[in-house]
Amino acid sequence: MNGNVFLRTSAVFLCIGIGIGVYMGATHDFVQAPTHAHLNLVGGVWMFLAGLFYNAHPQVSKRLTTIHYALSVLGLALFIPGVYGAQIQAPWYEPVVGIGSVLTAAQILMFTVLIFLATGKKTAPAE
């Protein structure tokens, strides 16, 4: 897996997030502003940056990249509906947003570790 799947997925999340924003503007109902913001930031911007990073650092393990992607999508698949549920005080929101936020935090921590590993100190070539 390379970064292109992150780039494509981020574009889809951004389209959904912008759609929520357009809906809020059209209806003058901004209750879901946190859902809109989190989807755009975590699903759109963060995943886009991950895609750029993985394309710039192809040496990163494909297996770890795939795990990162799975955690990202699964985390958002729970986190965003959970944020939505929190805004409408749905009785089911707490475990959904809780699990989604833990998975989202885990993928961000994993990505941070991968960044440090991929950009760590390199030894100079022998002369």
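The values are calculated or read from the model by the stated rules, or taken from the named source; none is laboratory data. Quick caveat, the model's predicted, so the values are computed rather than measured. In this analysis, Cβ positions are derived from the backbone assuming ideal geometry, glycine residues included, and neighbour counts consider all displayed protein chains.
Report whether or not Thr27 is polar (S, T, N, Q), in contact (Cβ under 8 Å) with a residue 60 or more places away in the chain and over 21 Å from Thr119 (Cβ atoms).
no
Within region 9-24, track down each residue that is hydroxyl-bearing (Ser, Thr, Tyr) and touching a residue at least 40 places away in the same chain (Cβ under 8 Å).
If the condition is that a residue be hydroxyl-bearing (Ser, Thr, Tyr) and touching a residue at least 40 places away in the same chain (Cβ under 8 Å), then Thr9, Ser10 are the ones that fit.
Just for helices (runs of 4 or more DSSP H) wholly inside region 41-127: which have at least 3 residues that are in contact (Cβ under 8 Å) with a residue 60 or more places away in the chain and under 22 Å from Ile20 (Cα atoms)?
62-87
Among Gln87, Gln59, which is the only one that is touching a helix residue (DSSP H, G or I) at 6+ places or on another chain (Cβ under 8 Å), at pLDDT below 95 and of a type outside the set (Asp, Glu)? Even if it seems obvious, please write down each step before you answer.
Working: Gln87 fails: at pLDDT below 95.
Answer to the check: Gln59.
Could you check His57 against (1) under 22 Å from Met24 (Cβ atoms); (2) more than 18 Å from the chain's Cα centre (by Cα); (3) surrounded by 13 or more Cβ atoms within 10 Å (Cβ to Cβ); (4) not charged (D, E, K, R) and say which number it fails?
Tallying (1) under 22 Å from Met24 (Cβ atoms); (2) more than 18 Å from the chain's Cα centre (by Cα); (3) surrounded by 13 or more Cβ atoms within 10 Å (Cβ to Cβ); (4) not charged (D, E, K, R), His57 fails exactly one: (1).
On the basis of being over 10 Å from the mean Cα position of the chain (by Cα) and at pLDDT 95 or above, does Ala50 make the cut?
For Ala50, the condition - over 10 Å from the mean Cα position of the chain (by Cα) and at pLDDT 95 or above - is not met.
Take region 1-30 and flag every residue that is of a type in the set (Gly, Ala, Ser) and over 14 Å from the mean Cα position of the chain (by Cα). Walk me through how you get there before you give the answer.
We begin by selecting, within region 1-30, every residue of a type in the set (Gly, Ala, Ser); these are 3, 10-11, 17, 19, 21, 25-26.
Gly19, Gly21, Gly25, Ala26, listed by residue number.
When you go through Tyr69, Tyr84 one by one, which is the residue that is more than 13 Å from the chain's Cα centre (by Cα) and aromatic (Phe, Trp, Tyr)?
Testing whether each residue is more than 13 Å from the chain's Cα centre (by Cα) and aromatic (Phe, Trp, Tyr) leaves just Tyr84.
Go through region 74-103 and report how many residues are closer than 17 Å to Leu41 by Cβ, buried (at least 17 other Cβ atoms within 10 Å of the Cβ) and of a type outside the set (Ser, Thr, Tyr).
Of the residues in that region, 11 qualify.
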